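FYI, it's all coordinate maths here, none of it is from the lab. On a predicted model such as this, the values are computed, not experimentally measured, just so you know. Virtual Cβ from ideal backbone geometry, glycine too; neighbours counted across all protein chains shown.
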Amino acid sequence: MSGLPRVPAAYAGAARSSVRVTVAAAGGFYLFLYGFGETVAATYALFGAVSLGGLSRIPGTGRQRAVVLLRALPVALLLVVVGTFLAVRTASAVAGMLVIGFALAFVAVGGPRPAGVAPGLQLLYILPSFPPYAPDTLGERLIGSAVGILLLVLAEATLFRDAPTVSYRELAARAAGVAERCAGELARPPYVLSRAAGDAAGAAAQTLRPSRVPEADRPAGPGVRSRALAHTGLAARTLLNRLHRLPAVPEGRTPAEPGLDLLRAVARSTAATAALLRGAPGSGTASPARERAALAAARERSADPVALRRDAALLEVADAALALSTAAGLAARGRSAGPEPPLGRFWYARMRAPRLWWRRLIGNAGSRSVFFQNAVRISLALAAARVVAGLDTLPHGFWAMLATLSLTRTTLGATRSVIRQAVTGTLIGALCTAGILALVGTDTTVYAAVLVPLLLITFTVGPVKGVGWAQAFFAIVVSLVFAQLAPTTWELAEVRLLDVLIGSAIGAVFGLLAWPRGAQREVRQSSAALLKSAAEAVVATASTIAAGWVRDPASPPRHASLRRTLVLAESAFAQFQAEPRVPTAGDRARTTDWQAVLLTGHHALWGADRLLAAPPPPEGGAPGPVSVPPLDPEAAAALTRLGDRVAGRMLLLAARLESPGDALGAADVPPEGTSPAAEGAPPTVAGASPAGTSPAAEGTSPAGAPGRYYATETWLEALLADLDRVTDGGAPLKAP
């Protein structure tokens, strides 16, 4: 056995998927055509399985895909009904294609699974929207579609079960466990992290990056639990980073007890969070809120700059731990979780699913959203193809629309490359089909015998070898299917080639006219816009704290621009991950870590919200407006300078992100000899103070500054470190 050649993993996975699709498609087709003599039901059974099993790319294991398919079944049947009745006229069919085509493509904002099933649903709507207008066959169409999809559900759930993946909840639970270990070490002598704990913190943080997580397990949906799980991952990464960057205790000193109590509370909280995420019965959501309040009160009585700075860093740790426990509770229990969370950070916590979906849709309803761009592009292309297909001179116009749907890409370059391969493959397939039809003639027994192995080959080779091979084999498959439904000649192959050429041309035209650069350009623009909005928030927050302000708990959340640009940047990044990219020299050197840009935006928003939040009311008092006095001139000037420096760094990166090329310029990379890996220290910014130091440690901190000065300074320095990770390729944390 060891001497047998090993099948590549890509072919093995494609073969398993091919068997599932073939069993469902051929089973339904043969059942209705040869068992009951129903050609309409046979056609819809085959295309029902092929559309959702072959054209759709639903991520996840077989059982996960089966659940998605069951949920999509009512939608699929509704689309068959609508398509059947709108086929009465070309005008109504085209209008339906515009509206429904846009809606099905735009539903990709709901995450990878809706995005994966959308192309198959498009095909199931396209199929009945062609002449002949035959509402009397609606029952057969619905029965055939339902049987084909249900057979696919059974095949996905039972055949070649996939190995289970590690869920995002489990990854977050593991990260919380690592944070517990780190907090425990920092609360014990010698009050520093071991190298093993630092390495574990860096590795755990990296596992939570979306690019490292299978599509099906990414928390990308609009619902409360999905949003909260994504928030859990961000909070876990933030907490691990804050624990790793905690300033060391000066030699010869013993940490103050309130700080140690807080670290122990963080350890208890993260342990409870890990248990909660794993579904442990009776697991609570321990919170370091009481210890945080005690440390904040003790800080007000201190005048030691070193102690104040460490206390500020500890409060950052506490806030990250509080965010983690709150987000984990929402992820595990939904809207019924615990007490009322902070609305600024967890604005979605008490909203119902329809409202959250509406907010997601509205947030992407604009030309800057790549989901909106894709939906407009595909709906216009399908409508144009339906207009052309409505001409009497274009037989089998369905194939032209299928080509438009399957060959249109998000970039002009990708569309051009795909079309070239598809036309070549279709030409080869048409020649083979013409030969088969000419030799076999009307002997349907041969076609029936060849269809199953041909389906297996098509759905095994096509996904691995590319669109050219897929089109070649699929051209033969559809010809053999139609040859069993009605007498055909070799001219059917010529019609198939003509339709693919027409569909490809339409896809190329709309790829050229509608945002031809896809998300590769948009991710740069949206990330740059995010950094610009973050810079505005940083300057506004630093100046507000320096000048003093009145904070009313009833006032609406600040920084609306930053919140919106975060939504658009996350959408662009999600689409960018799915687009093919041509390797460049910059990819082989230091490249931009787009996910680190998003993390920087989140940190800017969370920190600004936290620092400008009203202090808690006195015991027994009612919450109300609170006047916060200004800083003294020296502290205000120092804080304003630091805020301007952080904002300037953000604007510099924004300008670089908008420039051509995949990698940032050398000016954005720390100088030689100062890299984190070389020094064995956490990432630092070129020109900024090393981790664990600050202007005060260098003798530049204003004397007698209050605690809120150090809290703001710590936040700004953490943002500088976050920005450095953008240009450092997102390198994992290094142990000190």
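Exactly which trypsin sites (Lys or Arg not before Pro) in segment 347-385 are in a DSSP loop and have at most 16 other Cβ atoms within 10 Å?
On the way: sites: Arg350, Arg352, Arg355, Arg359, Arg360, Arg368, Arg377; in loops: Arg350, Arg352, Arg368.
Those that pass, being in a loop and sparsely packed, are Arg350, Arg352.
Among Cys182, Cys432, which comes first, second and so on when ranked by fewest other beta-carbon atoms within 10 Å? Could you put the intermediate results ahead of the total?
Numbers: Cys182 28, Cys432 16.
Listing Cys182, Cys432 from fewest to most nearby Cβ atoms yields Cys432, Cys182.
Counting other beta carbons within 10 Å of each residue's own, what order do Ser659, Ser379, Ser543 fall into, fewest first?
Numbers: Ser659 10, Ser379 23, Ser543 15.
Ascending number of Cβ neighbours within 10 Å: Ser659, Ser543, Ser379.
Quick one: which of 168-175, 121-128 comes out on top by average Cβ neighbours within 10 Å, and what's the full order, highest first?
Values: 168-175: 23.2, 121-128: 25.9.
Packing proxy ranking, top to bottom: 121-128, 168-175.
Could you put Ile502, Ile149, Ile457, Ile419 in order, starting from the residue whose Cβ has the fewest other Cβ atoms within 10 Å? Could you put the intermediate results ahead of the total?
Details: Ile502 20, Ile149 26, Ile457 17, Ile419 23.
Listing Ile502, Ile149, Ile457, Ile419 from fewest to most nearby Cβ atoms yields Ile457, Ile502, Ile419, Ile149.
Please label the shape of segment 7-161 as rounded, prolate or oblate, based on the square roots a ≥ b ≥ c of the eigenvalues of the alpha-carbon gyration tensor (a/c under 1.5 means rounded; beyond that, a/b larger than b/c means prolate, else oblate).
On the way: a/c = 2.34, a/b = 1.30, b/c = 1.80.
Taking the square roots of the gyration eigenvalues as a ≥ b ≥ c, segment 7-161 is oblate.
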